[in-house]
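The values are calculated or read from the model by the stated rules, or taken from the named source; none is laboratory data. All values reported here derive from a predicted model rather than from experimental measurement. Note that each Cβ is placed from the backbone with ideal geometry, even for glycine, and that neighbours are counted across all protein chains shown. Side chains included, ligands, DNA and RNA excluded: accessible areas come from the protein's heavy atoms. Shrake-Rupley method; radii C 1.70, N 1.55, O 1.52, S 1.80 Å.
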Amino acid sequence: MLARKGLLPDGFRLTRLAEDQNQPNRSRTRSLKARFITKTGSCNVAHKNIREQGRFLQDVFTTMVDLKWQHSLLIFTSAFLCSWMLFAMIWWLLAFAHGDLEPRDPDNNPGPVPCVTAIHSFTSAFLFSIEVQVTIGFGGRMVTEECPVAIITLIIQNILGLIINAVMLGCVFMKTAQANRRAETLIFSRNGVIATRNGRPTFMFRVGDLRKSMIISATIQLQVIRRTVTTEGEVIPVCQLDIQVENPLRSNGIFLVSPLIISHTIERGSPLYDLSAQSLSAEDLEIIVILEGVVETTGITMQARTSYTPEEILWGRRFVSIITEEDGRYCVDYSKFGNTVPVRMSSLSAKELDQTRGVQEGTSETHLQGWGLVRAGRGGFRRGGRACDGSTPQPWYAQSEKQEKDAEQKGQKKKVQLEVIGRQIEEEGPGDVSD
């Protein structure tokens, strides 16, 4: 719909996602895997064998709001028709019991006063029921003071009609003003990417808002859902792990005034720490993205969702820039929203990269010690140290901690020797002076 209005080219889908059609979609060539959140944000979970169906009737309003439009319209129409038919039957029975349906005297004798004027059949009683509940009041039919029961029935029908109107209007308003309607103009990139940023592997995706009205207090949350097995052998089919969004403030808040690239640095403690280019396709995981905020115009809390499976994560690519400065303001080119370009990146995982860096640093330090420089306490270096042994290389942080401990031990030993020498000098000093 938005593409037909000229906001974006026809080749791009804007309902909750955007994709670059020039890139090959790897998910089409693979067998479809089950996912919890679809690309449109709906939950892909089927609930079966629910025995306590009566719980849904205890919250009728929410149940009616959750129904589809065709089902809701069917319920609305049935509710009005049933109430009109019910009170039409009541009005017809009142007229029949009072004798208002009997034929009148041909001599124009007015006869007894009826409970409701101008009711001669069930059809006229049905028309009167509609006039009472909808408060039309054509003026041809009205209740008289002859029957108190008719007056009570009129009051009851008016109250019931107001209740039905209030419930139906509330349901229609809530269905049209649902939070997921605002999420239709929030778009996510079709694919996520993993590229190097500031020397570290980083998972990234792009999110944008098509409306000028902003999302207040927008926060974004990332979760990884994967199948895990405990040490006791228990299989956990759904294990949810939170992912920290890259933010200097260590918060998930974003200012969505223009499309943003949300990133997560893959480091120690990240659920993606063991992920490499070769193991990516074989991983059974799903990265869920949840964007929450308050709509500026209505004040309603909204939520937009999407997810990325391993087939939708591109290794060694990054997003192109789509923001330019023209005539003193920033312009966004949504035709390049999902475009990516290849970058040079190692196919190793972040864990393997850390281990490789640790081995390299350990090798350089071994060569330096073999040359003849070793730590001598905390004061500096001294020559004449023995070279490091050829044991199994350890990560850089383990070697640094070991060196610190060795340095502290060497420093303590040196300090003890200095104290002993000092005492010997103090003891020998007075004797030498006396001599």
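Overview of values
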item	result
Candidate residues M64, M142: accessible-area rank, largest first, probe 1.4 Å	M142, M64
Accessible-area value, K33, 1.4 Å probe, nucleic acids and ligands omitted, Å²	100
³J(HN,Hα) computed for each position of region 287-302 - Karplus, 6.51 cos²θ - 1.76 cosθ + 1.60, integer Hz, glycine/proline x	9, 9, 10, 10, 10, 10, x, 10, 5, 5, 7, 10, x, 8, 6, 10
Largest to smallest accessible area among C43, C239, C171 [probe 1.4 Å]	C43, C239, C171
Long-range HN-HN contacts of V143 with modeled amide H, under 5 Å	none
Global form of region 182-355, assessed from the alpha-carbon gyration tensor, a/c cut-off 1.5	oblate
Formal net charge of residues neighbouring P237 (Cβ-Cβ distance under 14 Å; K, R +1; D, E -1)	+1
Protein-only accessible surface order, largest first, of L154, L169, L280 at 1.4 Å	L169, L154, L280
Heavy atoms of H71: accessible area, 1.4 Å probe, square angstrom to 10	90
Whole-Hz ³J(HN,Hα) from phi, Karplus 6.51 cos²θ - 1.76 cosθ + 1.60, for region 211-217, glycine and proline x	8, 7, 5, 8, 9, 7, 6
Accessible area of F56 in the full protein assembly, 1.4 Å probe (Å², nearest 10)	100
Cβ-based net charge around S346, under 13 Å, with every Lys or Arg adding one and every Asp or Glu removing one	+2
Cα shape, region 69-177, gyration tensor, a/c 1.5 rule	prolate
Rounded to whole Å, sorted largest first: equivalent-ellipsoid semi-axes of region 213-285, Cα gyration tensor	29, 14, 12
Separation between Cα centres of region 124-199 and region 343-359, rounded to whole Å	60
For region 311-316, 3J(HN,Hα) per residue [Karplus equation, 6.51 cos²θ - 1.76 cosθ + 1.60, θ = phi - 60°, Hz, x = Gly/Pro]	5, 9, 10, 9, 8, x
